[in-house]
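This report concerns only the one structure given below.
We did not get these values from a lab; they are worked out from the coordinates using the rules stated. Because the structure is predicted, anything quoted here is derived from the model rather than measured. Neighbour counts run over all protein chains shown; Cβ positions are idealised from the backbone, glycine included.
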């Protein structure tokens, strides 16, 4: 698994989705298993917290999302830089190795602390695997179809999240909350590791080739890790706008992951209905990205980001005002549509702005901020729900989401080069 540093002839290395269809498709499949690993918790872990470990406080129940979010966010940051140093494939395989114990821990955890350990490992694994599949797809396709590539990547991941959530909810309803639903996780981890180890190829040569095409940076001008961090977080108006929108987007997702099952259950929904509702949002999100990623290559990034955040806010508000299955499903669909508009477009924007020589690091910084949203969202939603109720927590998150769209509208400019538009 040593990373080759030999530069291949230009005729051998070609950029583009069609030119690299085999490896691209393989990475899409791998990312589906990445998404399925996190989806297996989506519909049932809050119920496990309440019914098996007798946790009453919303903040305590949502603690598993806080641990997951912080672990994933910090790993995202390191994964980008690590991928530039040791190669993408090594990081991908390492991520799957870290994921292997997770379903077993969730099956047999004797206390809630063991569940938190499982989510720590899951967060590290997700940071390594999902970050790497994103970076490798950007490497393969080049600048022309970056939005489509990210749409396909996120489509695979989040449709798998939805399918896994639906499957585990069904298994839990038919059998028990544990251990049967987590048998699926053992299969996901084994297949993801096998495909990554045996079939995935590193994309270092594609990075070198693209750098040659657009021009290598002069010696000494490649930014340091600290410079990339500050540029992506604060200094660059576009990258920092993308980072804050990503954070709020996943703040929503952390809230939806932890509170939606409690909201649905509190309204009298059965465990299978909760599983179906928990699947509608990521399914809409995943399927919608097939269109929105490609649309951002034609229409540009900013419009989809701004209106996507506002659509998410409407979806959360709809859920807050609902008490029926149809109302909850409507809110979930709107939230999924808004997220689909935003998710691949934010990643594509980072690819637009960052040079290939430091693009992996910029993606890592963006994903650091984005996935800290899980932890911030879970904490904010839990504290608000404990103090003022579940409905108040939903309204606070909706207001923050609308404000994030306003920030992007005022601060961000279009990142898609005019020459790249279809």
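A few comments on the model shown:
- Shape category assigned to segment 338-387 from the gyration tensor of Cα positions, a/c cut at 1.5: oblate
- Segment 355-422 versus segment 272-342: alpha-carbon centroid distance in Å: 14 Å
- Kirkwood Rh (inverse of mean 1/r, distinct Cα pairs), segment 104-159, angstrom: 13.2 Å
- Between helix 325-353 and the chain there is an angle of about 20 degrees, using the helix long axis and the longest principal axis of the Cα atoms.
- Segment 26-76 shape via C-alpha gyration tensor axes, a/c threshold 1.5: oblate
- Averaging the sequence gap over all C-alpha pairs within less than 8 Å and six or more residues apart, then dividing by the number of residues, gives segment 299-385 a relative contact order of 27 percent.
- Convex hull (Cα only) mean projected area of the chain, reported in nm² to one decimal: 18.4 nm²
- Gyration tensor (alpha-carbon) shape descriptor, segment 1-154, a/c threshold 1.5: prolate
- Value of D in µm² per second that Stokes-Einstein yields for segment 278-422, Kirkwood Rh from Cα pairs, at 20 °C (1.002 mPa s): 133 µm²/s
- Angle of helix 183-198 to the longest C-alpha principal axis of the chain, folded into 0 to 90 degrees and rounded to 10: 10°.
- Measuring between their Cα centroids, segment 30-71 and segment 117-180 lie 15 Å from each other.
- Angle in degrees between helix 146-174 and the longest Cα principal axis of the chain, rounded to the nearest 10: 20 degrees
- Per-residue Cβ neighbour rank within 10 angstrom, fewest leading, 206, 355: 355, 206
- Value of [θ]222 nm, deg cm²/dmol, for the chain, DSSP H segments ≥ 4, -39500 (n - 2.57) each, nearest 500: -26000 deg cm²/dmol
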